[in-house]
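Since the structure comes first, as structure tokens, the remarks are kept for the end.
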Amino acid sequence: MSVIEAKKLELTFQTNDGPVHALADVNLEIAKGDFVSFIGPSGCGKTTFLRCIAGLETPTGGTLSVNGMTADEARRSRAYGYVFQAAGLYPWRTIAGNVRLPLEIMGYPKAELSDRVARVLELVELSGFEKKYPWQLSGGMQQRASIARALAFDADILLMDEPFGALDEIVRDHLNEQLLSLWARTEKTIAFVTHSIPEAVYLSTKIVVMSPRPGRITDVIDSPLPKDRPLDIRDSKEFLEIAHRVREGLRAGHAYDE
Amino acid sequence: MSVIEAKKLELTFQTNDGPVHALADVNLEIAKGDFVSFIGPSGCGKTTFLRCIAGLETPTGGTLSVNGMTADEARRSRAYGYVFQAAGLYPWRTIAGNVRLPLEIMGYPKAELSDRVARVLELVELSGFEKKYPWQLSGGMQQRASIARALAFDADILLMDEPFGALDEIVRDHLNEQLLSLWARTEKTIAFVTHSIPEAVYLSTKIVVMSPRPGRITDVIDSPLPKDRPLDIRDSKEFLEIAHRVREGLRAGHAYDE
Amino acid sequence: MRNVLPVLTVLLVIVGIWYAAAIWMNSAWTLDRADGPLTFSEIVTDTMSQDRPRLPAPHQVWAEFRKTVFDTKVTSKRSLVFHGWITLSSTLAGFALGTLTGILMAVGIVYSRPVSMSLMPWAIISQTIPIVALAPMIIVVLASLGVDGRAVPKAIISAYLCYFPVLVGMVKGLKSPDAMQLDLMKTWSATGWQSFWRLRFPSSVPYLFTSLKVGIAAALVGTIVGELPTGAVRGLGARILIGDQFGNPMMIWSALIAAAVLAGVLVTVVSLMQTAAMKRMGFAR
Amino acid sequence: ADEVTLQLKWVTQAQFAGYYVALEKGFYEEEDLDVTIKPGGPDIAPEQVIAGGGADVITTWMAAALAARERGLPLVNIAQPFKSGGLQLTCLKESGVESPEDFPGRTLGVWFFGNEYPFYAWMAKLGVPTDGSEDGVEVLKQAFNVDPLLNKQADCISVMTYNEYGQVLDAGISEDELVTFNYLDEGVGMMEDGLYVLEENLEDPEFADKMVRFVRASMKGWKYAEENPEEAAEIVVDSDETGAQTLDHQIYMMGEVAKLTAGSNGALDPADFDQTVATLLSAVSPDNPAITEEPGEGAWTHAITDEALN
Amino acid sequence: MDSVILALVVWAAGTFVAVQISRSPGHDTLPARIAVPVVFGIMLLVMWELLVKGLNVSQVILPAPSVIAATFARSTPTLWGDFLQTALKGGVSGYLIGCSAAFVAALAIDRVPFLQRGLLPIGNFVAALPIVGIAPILVGWFGFDWQSKAAVVVVMVFFPMLVNTVQGLADTTAMQRDLMKTYSAGYWQSLFKLRLPAAMPFIFNGLKISTTLALIGAIVAEYFGSPTRGMGFRISTEVGRLGLDMVWAEITVAAIAGSVFYGLVALIERGVTFWHPSQRS
Ligand SMILES: Nc1ncnc2c1ncn2[C@@H]1O[C@H](COP(=O)(O)OP(=O)(O)OP(=O)(O)O)[C@@H](O)[C@H]1O
Ligand SMILES: Nc1ncnc2c1ncn2[C@@H]1O[C@H](COP(=O)(O)OP(=O)(O)OP(=O)(O)O)[C@@H](O)[C@H]1O
Ligand SMILES: Cc1ncc(C[n+]2csc(CCO)c2C)c(N)n1
Ligand SMILES: [Mg+2]
Ligand SMILES: [Mg+2]
């Protein structure tokens, strides 16, 4: 069953310098339970595509359906959890308050709130920091809090825009594992933007390679890796092969390697 | 000849929650022409140490000498180029204007200015963007402009705080190569903070692994790699060995692997 | 430009409310003076044309405004343009003085901790002192110092109101560079002078213009306030006072309208300067 | 020419016609004087201006001048162009006030800023408290216009015969709708506009001589204005830089002011002085004492007028 | 002449002490933050005293601080009554009415962009209307007592407060708004959970500006008619009577009341917008 379906999707920004073709002729189908990574050079439209799915941006051409609805309807039915490229915590709320925010808005029963908050903070290893304010945390911790915030409520679709960008390798590995196990447990559909090839390969069932000017999809790789992935799968032959294919696809989008 | 020498260096921040030991008992010697990478979990004091070297932070204990002077004297004699974690371009200056700024301040002769600016912009592949303002560039391009700014003047010591954090793998590789060749050509001493293990190993003659609470050096690895490093050196045995050692050192600084 | 329609609409609504209020407020007098019962339309007609209305109707004010602005030679002392010019010139002098003071104090506050710690609270206190209480003393003290005439005291009173918003805005602006931008200057070992002109000042420009807009309006208010105790001789303030003393509400209202127009023009001019400066500095997007 | 600066008590209007006429008609010039007339306004206390050196001579009411004297500013009356006073309290008949006995419980508008002494003296004489108590009057600080009466915010307001009273009539209220009390008639009248200088200046013969010439020319102006009220009013309107004065109203004002200056040749009648002092002292009001003791001999002098008028 | 020299000495000494305190390690503590302006103020007062006495400045032009202090002490009941009348009845009530009206208006305007574009530019004009022009009109409309003073204050604080609130409600980042969108939050939810908290620094800016405007407005309005009490009444009356010591005593009351009022709002601000970078030094 396909959860997200883009057909000939197009998005052109009108700027004073003329139009910017952020997305052109994008065709993609994402099935329920897929873990899809988007990778591509800076400015190729990854964020823009995620925003289209989330109903935050209106495509200027083509069709996009989410759960059989338009993206906007899906947004209204609260189908998404979105993790932005930057943490974007509200500075006037504590960490726990930030994580609680979507729950309050979506009207989760009061009794459940603290349980849920505690659980997701545990997940991202921020137990003990509930009462701190965002600026009292390091950049990496803030990013984790914003991930927790998106996980706190039961959205079928998780959209994550470079969530681990600000983290060091070890923490990143750890969170990668956590994310995989969460995904395996909950059967969420996840769309995930990253700049790291190993990360993309390690996490995904499907890797989408994009290229800029105009932003388009140049390659879609279905991963043959099993669902259960220990960290050392990264040394396996299949892994390296996929990584190589991704790297080649990426390189094609850059100027200086030709 | 040792350019930077830290002995029992200590820095404690006084905050309302009590003291934060950002650096404790840090001993390190950096020789002229060294390329030193600092790696360690978020909050372990990498930035703080770089700031001490640059004379932006005053250690609360121990001694630190730079070129035989105190850090502050070295700063006054304009010994440093510093690339901050974020680009930090001045929004009211064009890219060329931003790169020209330190030259103006240090009183370089007028005739030289545009030559130098053109040369470093070329180096980071920003020729043609001279007249653009920072907000007209993508995040990655801004970061490159800020690198160009630090390279424009002749500082012996280059301090770089995660300069390539916001860039994708391909651009990163490319800039890594460029940086290495610049370093080989100019014999600058470079101190470089990164979160990426391969990057640290690929670039450095010396890798400093740090660990937090209190921030301290847990390992210093002298790289046996030759000065001339093609990109595929990263598949060599020595490389992987060093990378492994760094990873182990890093892991020791984290909680969840014990 | 896209604001024209909304602004006109709001103006129209205001005029409508104004008319209604004029009828309501002036009818008491109409009824009081009437010999017998009046019809509604009789009441309305009368409230629109009283000599001393509690609230003059817009067209009455407009008539007075037209008479004193368009139908009178601008060199005549009966011309509102003439009085507007008097007020304007003092406003500009006060604005210049106030802006300069504000900026200098802001520089002192940003660069020197003793100055900042001792001056800032007193700058706030200075604004809690009613200017009308100080104005006569300013004039007398200036006169005893040998400064005669009305221009200088008016400019000082106007500057007194104008400097504060500029001070506050400039302190904010000069402090707006973030730690990294300042550190960068430090790594280049820039002198105080260099980091002022190349960093602090340029980053304060947006704040400067915003506070200049507030400041010039304040300077105008200050000038008009200063025109009462300086002998209510010329200027919009004098017109307001004389209009009040001799029971001529149309004169008060038309002077008020003139003040509002003047404020609008001045603020617009500063806005244009802001747009131009921001464009030149590349802030425009 | 010798320079003289005159500070008026209020804005340019026929109340000060004599000085403007003297200036325009060249009477000052004839006396080899270069006179600057500074109009007053709200917030301008002529006594303060002269203390600060901003004027050589001022016009003010006698009560205010005596009050200043007792506060340590030695003002001396050198001439008294106004023989009688124009201060009145006017009430709407419909409010039910017919005589001072009806005041208790009423709201009365009063001018302050040194103009309140006659009122407090009167109330003290009547024994009417002014603190807003049951059997007292409610006092309002009245601003510059007659609106409080027209808007019925006050039962009575202060008016000058030559100005506000005319405004009330102009507004369409006829004389028989009003009940008016003249302070002179009530026995609490006080000397109004006189010319005052600082005592120490008078000791300088040159200054005294300037004042002699100034008073002589000013009185010439006053007499001219009395005889030619329309021309005087025109001169006043021309001298008014606000351009807001109307000729009609100034002609009215000139006519009324002429009645007040008529009896004066410029010299202060010591009896008037004594009467003002006696009134002030007879009714020292506890919260508003103008003076508490005899001002003494120095408060006025005939030295100037004697020489000016011979 | 001696006193002029003495004044210079006091100036030097005061400056020295202020500089010493502000350079001392404890310069960030509350006592130091209070001590420096106080030292500065005392220095000014002493210089004022010396100069006025030494140069023989007339008491009807500028009374010496000692005289003002004596008058202040002697007249506290009067001053207190004036304070109640003007600052509390006129100022505070006008402040509360004006600020809350502006706040509600800002919320209304915020929902209707058309209104916002039409009303805000006009607000600039109205904000520049001189109170000395408005006050006589409002006294005519609302009577002599504190109600008309409150009305003047309402007019004075309305637009600064409105403009700040509207600006504050717009001061959210695109990302913060997008977040609310992904939650599909309703208008009121995003108002209460995002835009109002984000607007607080601006709202408090408006509230702080309004404190001084409120006091000044209430005082000035009394110049145009009042009962026989109130700070503005006392000031204008005493100037006419050359009671400059009393004038300055009232000015002192105004300065104290204004600073306390401002300080109070600033204190609440610290509590409410503790999260804002400007509050974290
Ligand atoms: N609001 C906008 N107006 C105009 N152009 C835009 C806008 N948003 C994005 N763009 C342009 O659209 C293109 C795609 O941007 P997008 O943010 O999707 O890139 P990205 O793939 O997410 O890059 P990165 O890896 O740097 O996050 C870029 O060229 C960008 O300049
Ligand atoms: N100005 C400061 N005041 C108080 N504590 C500080 C300050 N600056 C840094 N710290 C603390 O010092 C420690 C070291 O910080 P530092 O910025 O050097 O870490 P880092 O290694 O650069 O981390 P990252 O990888 O996240 O950049 C952290 O615990 C941080 O919270
Ligand atoms: C502040 C102030 N208020 C009232 C008067 C009253 N007054 C006394 S004489 C005079 C002239 C009459 O037209 C007027 C209006 C004043 N002088 N100053
Ligand atoms: Mg992106
Ligand atoms: Mg760092």
Heavy atoms of residue B:58: accessible area, 1.4 Å probe, square angstrom to 10: 110 Å²
J(HN,Hα) series, the range B:157-162, from Karplus relation 6.51 cos²θ - 1.76 cosθ + 1.60, nearest Hz, glycine and proline x: 10, 10, 10, 10, 9, 6
Alpha-carbon Rg/Rh ratio, for the range C:80-281, with Rh computed the Kirkwood way: 1.06
Rg to Rh, two decimals, where the range B:203-258 supplies the alpha carbon set and Rh follows Kirkwood: 1.04
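Report the semi-axes of the equivalent ellipsoid for the protein assembly as shown in whole Å, largest first, where each axis is √(5λ) for an eigenvalue λ of the Cα gyration tensor.
Values: eigenvalues 1177, 252, 145 Å².
Here the semi-axes work out to 77, 35, 27 Å.
Let me confirm one metric for peptide E:110-120, namely the mean number of other chain beta-carbon atoms within 10 Å of its residues' beta-carbons. Each step should come with its number before you reach the end.
Details: counts 0, 0, 1, 1, 5, 4, 2, 8, 12, 6, 4.
If you average over the peptide's residues, the count of other-chain Cβ atoms is 4.
Partner chain Cβ atoms within 10 Å, averaged over the residues of C:243-255 - can you pull that number for me?
Numbers: counts 6, 13, 14, 14, 11, 5, 5, 0, 2, 4, 2, 0, 3.
Per-residue shielding by partner chains comes out at 6.
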Heavy atoms of residue E:200 accessible to a 1.4 Å probe, total area in Å² rounded to 10: 50 Å²
Per residue solvent-accessible surface (Å²) - chain B, probe of 1.4 Å: 41 Å²
Shortest-first distances to equivalent copies, position residue B:14, nm, label 7 Å out along Cβ: 5.9
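Provide the per residue accessible area, probe 1.4 Å, for the range E:2-57, rounded to a whole number of square angstrom.
On the way: 3420 Å² over 56 residues.
That works out to 61 Å² per residue.
Please find the FRET efficiency linking residue D:71 to residue C:277, where r is the Cβ-Cβ separation and R0 is fixed at 56 Å, and quote it to the nearest 0.05. Provide the component values of the computation, followed by the final result.
Values: r = 54 Å, r/R0 = 0.96.
Plugging the Cβ-Cβ distance into 1/(1 + (r/R0)^6) gives 0.55.
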Ranking by accessible area, most exposed first, for D:302, B:195, A:21 with a 1.4 Å probe: A:21, D:302, B:195
For residue A:236, inter-copy label distances in nm, listed shortest first [label point 7 Å out on the Cα-Cβ vector]: 3.1
Per residue, in Å², the accessible surface of the range E:72-279 once ligands and nucleic acids are set aside, probe 1.4 Å: 34 Å²
Selected from E:167, B:97, C:138, residue furthest toward positive end of dipole (the protein assembly as shown; charges at beta carbon): B:97
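Ignoring ligands, DNA and RNA, how much accessible area is buried between chains B and C, both sides summed, with a 1.4 Å probe, to the nearest 100 Å²?
Values: alone 12490 and 16790 Å², together 27030 Å².
It comes to approximately 2300 Å² buried between B and C.
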Closest Cβ on chain A to the rotation axis that carries it onto B (distance rounded to whole Å): A:165, 4
Accessible area buried, both sides summed, chains A and E with 1.4 Å probe, Å²: 2200 Å²
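Report relative contact order for chain A in percent, whole number only (criteria: Cα-Cα under 8 Å, sequence separation at least 6). Could the numbers behind the result be given before it?
Numbers: 475 pairs, mean separation 66.1, N = 258.
Answer for chain A is 26 percent.
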Helix-only CD estimate at 222 nm, as mean residue ellipticity for the protein assembly as shown, using -39500 (n - 2.57) per DSSP H run (n ≥ 4): -17000 deg cm²/dmol
Relative contact order (%) - the range B:21-109, alpha-carbon pairs under 8 angstrom, separation at least six: 17 percent
Integer Hz, Karplus 6.51/-1.76/1.60 couplings in order for the range C:40-55, x for Gly and Pro: 4, 5, 5, 4, 4, 4, 5, 5, 7, 9, 6, 6, 10, x, 5, 10
Amide H contacts under 5 Å for residue B:132, placed H, 5+ residues apart: B:95, B:96
Alpha-carbon Debye profile of the range E:72-279, log10 I(q)/I(0) at 0.09, 0.15 Å⁻¹: -0.41, -0.93
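Using a probe of 1.4 angstrom, how much of the accessible area of the protein assembly as shown is carbon and sulfur, in percent? The partial results should precede the final answer.
Values: 31840 of 54980 Å².
The nonpolar share, carbon plus sulfur, comes to 58 percent.
How large is the Rg to Rh ratio of the range E:2-57 when both quantities use alpha carbon positions and Rh follows Kirkwood?
Working: Rg = 13.1 Å, Rh = 11.8 Å.
Checking Rg against Rh, the ratio lands at 1.11.
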Residues along the range E:152-186 losing 10 Å² or more of accessible surface when the other protein chains are present rather than the chain by itself (probe 1.4 Å): E:175, E:176, E:178, E:179, E:180, E:181, E:182, E:183, E:184
Computed magnitude of the charge dipole of the protein assembly as shown (debye, nearest 20; Cβ of K, R +1, Cβ of D, E -1): 6360 debye
Area of residue D:219 that stays accessible when all protein chains are in place (1.4 Å probe, Å², to 10): 10 Å²
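From the cross-link list C:186/C:279; B:188/C:186; A:132/E:193, which pairs have alpha carbons spaced over 26 Å apart?
Details: C:186/C:279 28 Å; B:188/C:186 20 Å; A:132/E:193 18 Å.
Long pairs (Cα-Cα over 26 Å): C:186/C:279.
Sort D:120, D:252 by accessible area with a 1.4 Å probe, largest first. Don't jump to the answer; show the numbers that get you there.
On the way: D:120 10, D:252 65 Å².
Largest accessible area first, the residues go D:252, D:120.
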Alpha-carbon spread of chain A, three principal axes, descending order, Å: 54, 43, 38
Cβ-based charge dipole, the protein assembly as shown, positive-most Cα from D:127, A:69, E:68: A:69
Buried on assembly, the range E:230-246 (at least 10 Å² less accessible surface than by itself, 1.4 Å probe): E:233, E:235, E:236, E:237, E:239, E:240, E:241, E:242, E:244
Leading residue at positive end of dipole, the range E:31-138 (Cβ point charges), from E:103, E:130, E:55: E:103
Copies compared at residue B:115 - label distances in nm, ascending, label defined 7 Å from Cα in the Cβ direction: 7.4
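Looking at this model, which pairs from C:77/D:259; C:77/D:223; D:9/E:149; B:8/B:46; D:9/D:125 are more than 22 angstrom apart at the alpha-carbon? Can you show the working numbers first?
Working: C:77/D:259 30 Å; C:77/D:223 28 Å; D:9/E:149 27 Å; B:8/B:46 16 Å; D:9/D:125 27 Å.
As for pairs spanning more than 22 Å Cα to Cα, those are C:77/D:259; C:77/D:223; D:9/E:149; D:9/D:125.
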q = 0.17, 0.24, 0.27, 0.29 Å⁻¹, the range C:4-55: log10 I(q)/I(0) [Debye, one scatterer per Cα]: -0.55, -0.84, -0.97, -1.06
In Hz, Karplus ³J(HN,Hα) per residue of the range D:289-304 (6.51, -1.76, 1.60; θ = phi - 60°; x = Gly, Pro): x, 6, 9, 10, 8, 4, x, x, 5, x, 6, 8, 8, 9, 3, 6
Long-range amide H partners of residue A:218 with built H, under 5 Å: A:209, A:210, A:211
Accessible area in the full protein assembly, largest first, 1.4 Å probe, for A:223, B:127: B:127, A:223
Relative contact order %, the range C:4-55, counting alpha carbon pairs below 8 Å whose residues are six or more apart: 42 percent
Interchain or long-range residues, amide H under 5 Å from residue D:10's placed H: D:40
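What is the magnitude of the charge dipole of chain D about its Cα centre, with +1 placed on the Cβ of each Lys and Arg, -1 on the Cβ of each Asp and Glu, and no other charges, expressed in debye to the nearest 20? It would help to have the intermediate numbers written out before the result.
Details: 17 positive and 57 negative charges, 59 e Å.
My answer is approximately 280 debye.
Kindly compute the accessible surface that chains B and A hide from a 1.4 Å probe when together, both sides summed, and give it to the nearest 100 Å².
1900 Å²
The values are calculated or read from the model by the stated rules, or taken from the named source; none is laboratory data. Just so it is clear, the model here is predicted, and its values are computed rather than measured. So basically every Cβ, Gly included, is an ideal-geometry build from the backbone, and we count neighbours across all protein chains shown. Side chains are part of the model used for accessible areas, which takes the heavy atoms of the whole protein and leaves out ligands, DNA and RNA. Shrake-Rupley method; radii C 1.70, N 1.55, O 1.52, S 1.80 Å.
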